[in-house]
1. Which order, highest average first, do 183-189, 143-149, 27-33 follow once you tally other Cβ atoms within 10 Å for each residue and take the mean per peptide?
2. Among bridges DSSP assigns within the chain, what percent are antiparallel (round to 5)?
3. For Cα pairs less than 8 Å apart in space and 6+ apart in sequence, what is the mean separation divided by the residue count of the chain, i.e. the relative contact order in percent?
4. ³J(HN,Hα) across region 92-100 via Karplus (A = 6.51, B = -1.76, C = 1.60, θ = phi - 60°), whole Hz, x for Gly/Pro?
5. Taking amide H atoms as placed 1.01 Å from N in the peptide plane, list the residues 5 or more away in sequence, or in a different chain, whose amide H sits under 5 Å from that of residue 65.
6. Working out 0.36 nm times the residue gap between residue 9 and residue 180, then minus their Cα-Cα distance, what length gain in nm do you get to one decimal?
7. Kirkwood Rh over alpha-carbon pairs of region 1-97, then Stokes-Einstein at 10 °C and 1.306 mPa s: what D in µm² s⁻¹, rounded to an integer?
8. Give the order of 140, 122, 240 when sorted by the count of other beta carbons within 10 angstrom, beginning with the fewest.
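What follows draws every value from the coordinates through simple rules; no lab data is involved. In this text, all values refer to a predicted model and were calculated from it rather than measured experimentally. Heads up, the Cβs are rebuilt from the backbone with ideal geometry, glycines too, and the neighbour counts pull from every protein chain shown.
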Amino acid sequence: MSTTTPATRRFRSATAELAALTWGDPDDPAALLVHGFPDSAWTWEVIGPALAATGRYVVAPFTRGYAPSSLAADDDYSIGSLVDDIVTIHRQIGADERAIVIGHDWGGAIVSALTAAHPALFHRSVLIAIPPLATIKALFAPSRLRVNAPRLARQAPRSWYMTLVSLPWVSDAIGAWLIERLWRAWAPNSNSAVTRHRELGLIALAGRARRRAAFSYYRAVWNPLYRRTRDYRYEQLAAFAAPQVPTLYLQGAEDTCGLVDTGADALDHLPAGSRRTVVAAAGHFTHLEQPEIVTRHIIDFVGKGA
């Protein structure tokens, strides 16, 4: 097996079976890589081997609902359940506080919530294409709405899909079209890597049940009637608090999903030692469009493992 070819591994969380791609030596400090929507764990096939080469054991799960991971047995796709899945993997691989965690898009939301709820588990974290959830929460604070209104107005036309996926019968019926539409909107200047990962993302969400699972991530955030179990209550309550782990926030300068100025205040909600970097000539899939630059920024920030 080449150093770039991943092994596969399966984990059992409380209510889901999680498949993962892995690179590196299991005895090395861990790096957990969490993909976004509508992508898959294959999105890390450049960054994963690069981190493994620095002495880290890289584990990139397909999050619950994304094939080949299972659907959630309890039908809970709340952010608390997603955080708990990553904590479970951390525990099952025997990771310690030297671990790092990286997330893109929805994976970034999971990482933000994870490092707010369980900061002792990680040495550093990286968010790609999404600011800390505390930053997003602050944008909607009633006392700041007048000041933030121009930014929110510029962002609103790019967030239309969040309302659509929150309408169960409508979005479930047009799910396949919607996902392809979002890939086209978010990666208008696709290179071969982006095209490949679009196809892999479509495979991970093939079928109505899996698309419903991915859409339920959003529904669980915005819909007060969404069914949430009490098993993840702590993680759920902590999700929008400020992360407590030094964090690198990377955003593409040409992101057509989340505008650059939406995350301009990110460092106000991150601890000392954090950084914010805008990557030129990159859009929403920054790590696919500029993989060498993004990898260099990440390794410079998190350091080597073993």
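1. Peptide ranking by packing, descending: 27-33, 183-189, 143-149.
2. Details: 10 of 31 bridges.
Taking every DSSP beta bridge within the chain, about 30 percent pair in antiparallel fashion.
3. 23
4. Per-residue couplings from phi come out as 6, 8, x, 6, 10, 6, 7, 5, 10 Hz.
5. Excluding prolines and chain starts, which carry no amide H, the hits are 70, 71, 72.
6. Numbers: separation 171, 0.36 × 171 = 61.56 nm, distance 2.86 nm.
Length gained, residue 9 through residue 180: 58.7 nm.
7. The diffusion coefficient I find is 119 µm²/s.
8. Fewest-to-most ranking of 140, 122, 240: 140, 240, 122.
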